[in-house]
Amino acid sequence: MYQQGAVPTTSSSSIIVSSTSSTQGSSTSPVSSGTSSSSHVTTSSSSSLGSSTASSTIKTSSTSTTSIVKGTATNPIPVRRTFNWNITWVNASPDGFSRPFVGVNGEWPLPPILADIGDTIIINAYNGLGNETTSIHMHGLFNANNTFEDGSAMVAQCPIGPGETFVYEYVLAQSGTYWYHAHVGGQYIDGFRGPVVIRDANALNNYGNIDEEYILSLTDVYHVEAPYLINYFLSANNTSGAEPVPDSALINEAQNAQFAITPGKTYLFHVVNMGAIAGQFLQFDQHNMTIIEADGVYTQPYVTDQIFVAVAQRYSVLVQALPTATENFAIVSQFVTDMFDESVTPAGQNPTCTAFLVYNSALAMPAPFTLTPQPWSDTVLVPWDQQPLWDSDNVQYTYLTVDFATNDWGSNRAMVNGQTYLSQLVPTFFTALTAPSEYQMNTAIYGQVNPQILPFGQVIEIDLNNHDTRAHPFHLHGHTFQIINRAGDEPQWPGLDSIPAAPMRRDTVVVYPGVGVTLRFIANNPGVWLFHCHTEFHVEAGMTATFIEAPDVMVARKPYIPNSHKTACDSQNIPRSGNAAGNSADWTDTTGAPTDSSQTYYGALINGPTWNPYQGGKP
């Protein structure tokens with residue numbers, strides 16, 4: 001284990017949310033009630049709509065789960081929920097190996113964010129990491145007209161420096177299952193990740209009675225910290241180009257998590273893959289799942305006994321409890337290991353994780369069953385609203401290819417249309433915001449970020465062709481897209497040959513090795529949005545394109561830039577105006593903007609070591 005920050009001695013391994021929410025003027029809030037003798041985090045705030053408050057207690061326990069008691073049949077009055085987060089290092093051992101993780105207020109795993117549609121979330125984030133920058137991305141939230149709240153470092157904002165406080169504010173216009181994570185230097189590999197559930201009673205009422213809700217997160221954990229993994233992966237020493245392989249699979253950032261089940265009740269599980277590299281299969285022994293939501297898009301009910309969840313994808317599934325409490329049942333998650341190179345797979349790796357549906361805690365927990373992967377395609381899902389193909393007489397076609405290539409000094413870099421993504425000297429949002437109108441739509445001013453200019457209101461079709469031998473889960477910020485075609489001829493991963501009457505929409509899609517996928521969305525959210533592979537090592541290698549969407553409309557709407565955004569840049573001497581090189585005198589001259597990756601890059605780590613002690617495989 002290699003450490004780079006001061007590490008408190010707090011240890012924890014999973015979360016149980018059992019808390020009280022007192023919302024004056026409305027009946028109940030989606031958070032349940034309980035007490036804890038352990039340390040906890042309480043959030044509270046007042047709303048201009050009345051004296052409404054919300055509070056939640058985060059309790060750590062080695063076998064706990066995240067539980068959300070069913071809310072009201074109608075949506076409560078919106079409230080403001082304020083979270084004061086001190087982001088520091090916390091020791092934990094979720095799979096028995098102790099190491100530092102990025103924690104919040106002395107706790108890890110990180111707290112879930114639970115809210116109702118219409119609420120406002122405010123996060124006052126203090127970076128107490130010492131030697132790393134940070135940022136927070138709310139994965140799946142559109143942030144309509146607020147691209148500067150997207151959290152992507154050197155895109156929507158400057159990174160948050162050590163000792164700095166940054167304020168995020170989100171008005172929740174969407175509902176469903178989401179998650180938050182650091183969006184700088186691969187930092188969420190080190191545990192800066194947590195689930196987000198936004199309830200909408202009106203949407204859930206379409207699916208009948210739901211007695212209780214649980215969060216079930218799927219993650220992968222490494223025994224080596226992210227900066228060293230990233231540096232080695234991108235170094236000339238990594239001659240095979242193999243990605244670092246995780247040590248263990250986790251459910252709710254733990255092993256052997258337990259979900260209390262009452263016979264006859266209906267449970268809604270919010271499933272989210274917050275891992276860095278590993279897609280996972282998930283199965284409940286002798287219990288079917290009914291999918292009702294994927295990536296914040298409610299679906300027609302779809303019954304299955306197994307799901308595949310790629311990195312960054314989410315599902316809400318209904319599970320009907322059996323009528324009797326005569327035994328307990330295993331839940332098994334399992335890595336897809338196709339991308340794992342055996343030469344760097346850690347000795348003693350745990351590629352599966354077991355949790356339990358506990359009908360009777362006095363009975364023994366069952367042995368895990370053997371999970372056999374079944375064929376999977378998310379294109380069989382149908383959105384609840386059954387929107388037809390988004391079409392127009394003037395569709396804009398965007399053609400993208402992805403692959404890997406070795407650069408001049410031996411780094412294995414990801415390529416989009418033959419060019420690797422590199423962060424520029426000015427965050428791309430600030431370049432778009434400050435450019436004269438005659439340059440806003442000129443890709444040359446944005447530098448090597450693989451810019452794609454999208455006119456306002458246009459139907460955009462992305463044809464993404466994967467020339468690599470690995471699958472890639474691609475995520476689009478600021479939108480969901482329709483999946484209208486996907487090549488694939490393997491029995492495990494069937495393709496989509498014809499456009500469905502109501503194409504499935506989501507924000508993260510898997511493009512299979514050696515083939516392509518076709519997507520459509522509407523450019524109705526002016527801003528700067530990334531489209532990237534969510535395998536975190538591939539993000540760091542440059543597998544990213546930047547969609548600069550209607551910059552003229554964005555500027556005309558005169559977005560308000562919060563003071564903390566300005567301070568974050570100014571404190572680190574990062575320009576807030578000019579082209580990719582910070583040049584405002586000649587907007588087409590990007591001399592000085594990055595065009596090659598650094599040989600001393602350690603992700604979010606500010607001052608890296610003179611030598612990386614990690615050289616692949618098990619340390």
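The values are calculated or read from the model by the stated rules, or taken from the named source; none is laboratory data. It should be emphasised that the depicted structure is a prediction, and the values quoted were computed from it without experimental measurement. All Cβ positions, even for glycine, are placed from backbone atoms using ideal geometry, and neighbour counts span all protein chains on display.
Below is a table of values for the structure above.
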| item | result |
| --- | --- |
| Which listed residue, of Gly118, Gly130, Gly163, is surrounded by fewer than 19 Cβ atoms within 10 Å (Cβ to Cβ), touching a residue at least 24 places away in the same chain (Cβ under 8 Å), in contact with a strand residue (DSSP E or B) (Cβ under 7 Å, 6 or more places away or on another chain) and in a loop (DSSP other than H, G, I, E, B) | Gly163 |
| Residue within segment 392-412 that is under 30 Å from Ala580 (Cβ atoms), touching a Pro at 6+ places or on another chain (Cβ under 8 Å) and either surrounded by fewer than 16 Cβ atoms within 10 Å (Cβ to Cβ) or of a type in the set (Phe, Trp, Tyr) (or both) present | yes |
| Checking Thr299 against (1) surrounded by fewer than 21 Cβ atoms within 10 Å (Cβ to Cβ); (2) touching a Leu at 6+ places or on another chain (Cβ under 9 Å); (3) among the hydroxyl-bearing types (Ser, Thr, Tyr), the condition it does not meet | (1) |
| Residue check for Ala444: among the aliphatic types (A, V, I, L, M) and not in a strand (DSSP E or B) | yes |
| Answer residue from segment 553-595, given it is surrounded by fewer than 16 Cβ atoms within 10 Å (Cβ to Cβ) and among the charged types (D, E, K, R) and is farthest from Pro427 (Cα to Cα) among those | Arg557 |
| Subset of segment 447-465 [surrounded by fewer than 21 Cβ atoms within 10 Å (Cβ to Cβ), hydrophobic (A, V, I, L, M, F, W, C) and in a strand (DSSP E or B)] | Ile453, Val459 |
| Residue within segment 340-355 that is surrounded by fewer than 14 Cβ atoms within 10 Å (Cβ to Cβ), at pLDDT below 95 and not in a loop (DSSP other than H, G, I, E, B) present | yes |
| For Thr379: the one exception among (1) part of a helix (DSSP H, G or I); (2) more than 20 Å from Arg505 (Cα to Cα) | (2) |
| Members of segment 471-509 that are outside any strand (DSSP E or B), of a type in the set (D, E, K, R) and without any contact (Cβ under 8 Å) to a residue 24 or more places away in the chain | Asp497 |
| Hits in segment 203-220 - residues which are within 24 Å of the chain's Cα centre (by Cα) and hydrophobic (A, V, I, L, M, F, W, C) | Ala203, Leu204, Ile215, Leu216, Leu218 |
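Condition check ((1) free of Cβ contacts under 8 Å to residues at least 12 places away in the same chain; (2) within 30 Å of Gly348 (Cβ to Cβ); (3) out of contact with any helix residue (DSSP H, G or I) (no Cβ under 9 Å at 6 or more places or on another chain); (4) surrounded by fewer than 22 Cβ atoms within 10 Å (Cβ to Cβ)) across all residues:
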| residue | (1), (2), (3), (4) |
| --- | --- |
| Ala203 | no, no, yes, yes |
| Asp211 | no, no, yes, yes |
| Leu216 | no, yes, yes, no |
| Glu225 | no, yes, no, no |
| Ile230 | no, yes, no, no |
| Ala236 | no, yes, yes, yes |
| Pro244 | no, yes, no, no |
